[in-house]
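Written below as structure tokens is the structure these notes are about.
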Amino acid sequence: MSDTTKSPTHYRLLSTLRAIGPYLRESQCVDGSYLFDCLSVCVNDKKSPEKREFWGWWLELEQQGNGYQARYRSGLYDTTGEWLDEKLPQNVVKDVNHTQEAFHQKLIETMQTEFGLQVHLHEDSVEFV
């Protein structure tokens, strides 16, 4: 990449963020505010796909000044497609942490490399449990 970074327009950010995954909720994103989620562990894979629930995390990424602030939450993704802020069972914590940490590292590196932007954790952000 050249010495100058690209201007981080909303559409350029969407394209870049979509590429790093795990899942950008593009329809819920607006300029300066981006929503991601990750369904890390299926609660019961014996249920039919439309009745499955998942343990995982979601991220609200908000522009703040010259950078972005990341607010992570963890919990249960229910059958209605909603996130419930619930404590993770001990047997899934390691898997959820792994996906969250891997994503966060990619997010930090991508935002810095592509746009010269810093990403900081919000004070209310769930620590990597």
- With Cα atoms, 0 to 90° folded angle of helix 90-115 axis to the chain main axis: 10 degrees
- Long-range amide H contacts for Gln118: which residues qualify at under 5 Å (H placed 1.01 Å from N, peptide plane, sequence gap of 5 or more or a different chain)? Tyr68
- Rounding to the nearest 20 debye, state how big the charge dipole of the chain is about its Cα centre with +1 on each Lys and Arg Cβ and -1 on each Asp and Glu Cβ. 360 debye
- Estimated 222 nm signal from helices in the chain, with DSSP H stretches of n ≥ 4 weighted -39500 (n - 2.57), rounded to 500: -10000 deg cm²/dmol
- Over region 90-129: Kirkwood hydrodynamic radius from C-alpha pairwise inverse distances, Å: 11.3 Å
- Query: Carbon and sulfur atoms: what percent of the 1.4 Å accessible area of region 14-121 do they account for?
  - Reply: 45 percent
- Note on the structure: Cα-based Rg then Dmax for the chain, in Å, read 15.5, 52
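The values are calculated or read from the model by the stated rules, or taken from the named source; none is laboratory data. Computed from a predicted model, the values in this text were never measured in an experiment. So basically every Cβ, Gly included, is an ideal-geometry build from the backbone, and we count neighbours across all protein chains shown. Accessible surface areas use protein heavy atoms only, side chains included; no ligands, DNA or RNA. Shrake-Rupley method; radii C 1.70, N 1.55, O 1.52, S 1.80 Å.
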